Amino acid sequence: MELTPRLQAAADQVPQGARLADVGTDHGYLPVWLLLNGRVRRAIASDLRRGPLDTARENARFYGVTDRMDFRLCDGLTGIRPEEADAVTIAGMGGETIAAILAAAPWTKEDRTLVLQPMTSFPELRLWLQQNGYTIERETIAREADRLYTIWTVRGGEMPPLTPAELWAGRQSGDPLRRDYLDHMLRKVARALNGHRAAQSRNEAAITELEEVAAGLKTMREELP
Ligand SMILES: C[S@@+](CC[C@H](N)C(=O)[O-])C[C@H]1O[C@@H](n2cnc3c(N)ncnc32)[C@H](O)[C@@H]1O
């Protein structure tokens with residue numbers, strides 16, 4: 001069984017020997033792969049919807065890992081007890097949903113490893129983590145076709161304040177895809193700026209903030225070797 005680059009990047013950040021909770025598991029490929037490859041001891045696959053959870057169950061059966069897997073139909077981590085998981089993966093969901101799931105489970109700050117792969121709202125999620133006692137320890141980037149994804153290892157702890165550009169693109173790193181990622185973010189910020197500048201009633205504060213983000217992203221890009 002092979003994972004896509006995005007899910008493989010998430011799998012690579014899960015600590016060896018963990019008891020995993022995979023929230024929003026859908027097909028369940030991430031926990032199944034981690035079990036098959038001896039990377040986790042046990043895994044709970046959870047999903048808000050019955051259909052995806054049934055698919056995860058079928059995939060687990062197909063790959064012969066059901067004896068080390070549990071399935072929970074629940075919202076976020078509400079159906080998982082803190083003592084059941086020392087690592088939590090939340091991949092392929094919007095940043096605001098991820099923040100809501102963590103806010104409802106403050107135990108995730110206590111000696112747990114979280115692997116987060118948000119699809120949207122990156123600045124909002126980084127700011128929420130910073131303001132709510134989490135620190136981003138590592139970020140990697142994965143490419144699938146023409147899309148880039150970031151995958152974060154997060155733990156409870158104090159995070160030094162992030163600049164406006166770092167809220168958008170994370171701290172500078174030597175990831176081989178970093179240059180492409182900064183270009184991608186610069187285009188995204190440029191689109192947001194164009195939208196604000198063309199609006200009938202201009203939000204000057206938002207424009208100033210986005211200009212600062214764009215300047216910070218350009219500096220980060222210039223600083224890359
Ligand atoms: C796009 S899929 C991502 C699947 C997989 N994690 C991945 O990255 O490939 C999102 C899944 O999250 C589930 N989901 C959405 N909101 C959720 C929540 N609050 N709690 C649990 N699962 C949720 C959806 O039902 C769906 O199966």
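The values are calculated or read from the model by the stated rules, or taken from the named source; none is laboratory data. Worth saying up front: this structure is predicted, and the values here are computed from it rather than measured. So basically every Cβ, Gly included, is an ideal-geometry build from the backbone, and we count neighbours across all protein chains shown.
Here are the numbers:
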{"quantity": "Test result for LEU116, within 26 Å of GLN16 (Cβ to Cβ), within 14 Å of the ligand (Cβ to nearest atom) and at pLDDT 95 or above", "calculated": "yes"}
{"quantity": "GLY92 being surrounded by 15 or more Cβ atoms within 10 Å (Cβ to Cβ), modelled with pLDDT of 95 or more, touching a strand residue (DSSP E or B) at 6+ places or on another chain (Cβ under 7 Å) and more than 30 Å from LYS188 (Cα to Cα)", "calculated": "no"}
{"quantity": "Selected residue (criterion: farthest from the chain's Cα centre (by Cα)) from residues of segment 66-84 that are among the aliphatic types (A, V, I, L, M) and surrounded by 19 or more Cβ atoms within 10 Å (Cβ to Cβ)", "calculated": "MET69"}
{"quantity": "Residue list for segment 193-225, filter: among the small types (Gly, Ala, Ser) and buried (at least 17 other Cβ atoms within 10 Å of the Cβ)", "calculated": "ALA214, GLY216"}
{"quantity": "Failed condition for GLN131, given (1) under 16 Å from GLU96 (Cβ atoms); (2) touching a Leu at 6+ places or on another chain (Cβ under 9 Å)", "calculated": "(2)"}
{"quantity": "Among residues of segment 99-113, those that are within 9 Å of the ligand (Cβ to nearest atom) and either in contact with a helix residue (DSSP H, G or I) (Cβ under 9 Å, 6 or more places away or on another chain) or outside the structural domain of LEU30 (by TED's automatic domain parsing) (or both), counted", "calculated": "1"}
{"quantity": "Residues (farther than 17 Å from VAL40 by Cα and touching a residue at least 12 places away in the same chain (Cβ under 8 Å)) located in segment 60-79", "calculated": "ARG72, LEU73, CYS74, ASP75, GLY76, LEU77, THR78, GLY79"}
{"quantity": "Matching residues, segment 21-46, being part of a loop (DSSP other than H, G, I, E, B) and within 7 Å of the ligand (Cβ to nearest atom)", "calculated": "GLY24, THR25, ASP26, HIS27"}
{"quantity": "The lone exception for ARG49 - which of (1) near the ligand (Cβ under 8 Å from one of its atoms); (2) free of Cβ contacts under 8 Å to residues at least 40 places away in the same chain; (3) touching a helix residue (DSSP H, G or I) at 6+ places or on another chain (Cβ under 9 Å) it fails", "calculated": "(3)"}
{"quantity": "Residue match in segment 85-94 (condition: over 14 Å from the mean Cα position of the chain (by Cα) and within 15 Å of the ligand (Cβ to nearest atom))", "calculated": "yes"}
{"quantity": "Among (1) surrounded by fewer than 18 Cβ atoms within 10 Å (Cβ to Cβ); (2) under 22 Å from ARG6 (Cβ atoms), the one test that GLU139 misses", "calculated": "(1)"}
{"quantity": "Residue in segment 2-10 that is crowded, with 17+ Cβ neighbours inside 10 Å, over 26 Å from ASP146 (Cβ atoms), assigned by TED's automatic domain parsing to the domain that holds ALA87 and of a type outside the set (Phe, Trp, Tyr) present", "calculated": "no"}
